[in-house]
Every structure is written in C-alpha cells, then in structure tokens.
C-alpha cells in the first residue's frame, strides 16, 4: 500500500532532558514497515546521534497497533526486483535493527495492540519493553514463505533459542503475559497506565550515569553474542534476501493476497 499523502513514516523529537521519542507513523497499515519506514528509522538514528545530550530513546507506534511486521504488498514488489536490490533492502532492514540494538543509550519500547514479524525484532533489540495488557505478539515470517534470520540474533538474546524455535516455527500468537514470561517484555500494564509506567522507568534511567550505562550495555551485548561478525552478518542478509525471491515466498504472499491457505498446507 502506498503512503498517505504528506505522511512521514517515522517521527522523532527530543526533550530538554535528552529523552528522544521515535514514533512509527503508518497507522493506516498498522505501522507495517516498508522502504520509507526503514529509511525513516535510519534518518531518525542519524539525527538523534548528533545530539550530544541524548540520554534515552523511547520507541512507540502511532494508532491502535505498535508494528504489524512487513507491508506484504511492498515485499511482493521488492521480490520482483533484482537480486542486488533485494540484498540492499535486506541489508537496510537488518542494519536498522542492528543500529537500534547497538545505540549507546538505553532504549525503551512501548507496545500496544499488535507486534508481529519485524516488530518482534524491534522490541527484542530494545533494552526495556513495556506492553499493554491487550498486546499480541507473533514471529510470522514462515507463514508467508519468508524467514526471520536477520532478527534471530536479537530474538535469541531476548527470549532464548528454545522459545525462538517454538514461536518462529509455529507463528502462533501470544499475549503480553506470555511475552513477559519468556522475556520479550519486561512490564505489563493497562493502556491507561502506559505513559505513567514508562515515566517511572525513564526517571530511573536518567538517574544513572550515561557513560556507565553505555559501557554496561556494550558489555552485555558482547557477552550475549550480539556483536555478530561482518561475514556472518552478510550471510544473514543474503539469505534473507534470497528467501524473499523464492517460489515458496511467492506462494506464501499470493496466499495472503488471495486470502487462502498456502499450497503446502495438506488438504
């Protein structure tokens, strides 16, 4: 689906405390990501990285849902393009998650409604996650003949490989309580209390020394195996791109568009 006229897919601002807010802003498609949103995330991180007073990044989604994964109409259009273009798109997507994961200030995701596919990679890359009681999560890629390889390092670190092997293979939905149990979410609250709950954590984070937090985060990432080497990282990117162009992905995306079961479903 094309962008709404005049719409900026990612908004950002920073307050006097150094608290930045980054807002995913495609509510007409439940904040499903496309190339413009990926570019917007990079632009936000570029801009915020120039603020020497930056202390914290809060990430949220505009509308009823936090982030509904990839815009599958956009995925179909990308898949029809060249191998090089598919690698470029996968690299830009992976790099957005990688940069969010590695930003040297604490990151806080506020999740309401749906958080699917790539949305789970976004929250797995954040240091703290608060979800409303009605939030729903799923790692949906294989349902459409795609694969989530570029976010698996973050998901493994967040919820453990055992849970990834369940939820990335079943694509089942799970609620906020289960997300908290497995470690994807840290706190669950009512929708009415989301901002108040967030402010309590923001205050705690601002109380702590910025460089000490940055060093602690860097060490935690390194010892969780999140500093993926360039060769392995390039392999993930190319595998992700190739799967998008596969016959299986074509069938999966067709089944979504035609609102039918895919051909690999028995009977």
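Odds and ends about this structure:
- Rounded to the nearest angstrom and listed largest first, the equivalent-ellipsoid semi-axes of segment 1-105 from its Cα gyration tensor are 25, 17, 10.
- Available extension along the chain between residue 133 and residue 216 is 26.9 nm, counting 0.36 nm per residue and deducting the alpha carbon span.
- Longest to shortest principal axis, alpha-carbon extents of segment 114-244, angstrom: 44, 35, 22
- With contacts taken as Cα pairs under 8 Å at a separation of at least 6 residues, the chain carries a relative contact order of 18 percent.
- Extension gain, residue 191 to residue 227, is 9.5 nm, computed as 0.36 nm per intervening residue step minus the present C-alpha separation.
- Per residue, the convex hull volume that the Cα atoms of segment 125-194 enclose (Å³): 81
- Fewest-first sequence of 13, 246 by Cβ atoms within 10 Å of each Cβ: 13, 246
- Where labels lie 7 Å past Cα in the beta-carbon direction, separation of residue 234 and residue 7 in nm: 3.6
- Distribution of pairwise C-alpha distances over the chain, 5 Å bins, in %: 1, 6, 13, 18, 20, 19, 13, 7, 3, 1, 0, 0
Here, each number is a calculation from the coordinates, and none is a lab measurement. Please read all numbers here as calculations on a predicted model, not as lab measurements. Every residue, glycine as well, gets a Cβ built from its backbone with ideal geometry; the counts of neighbours run over all protein chains shown.
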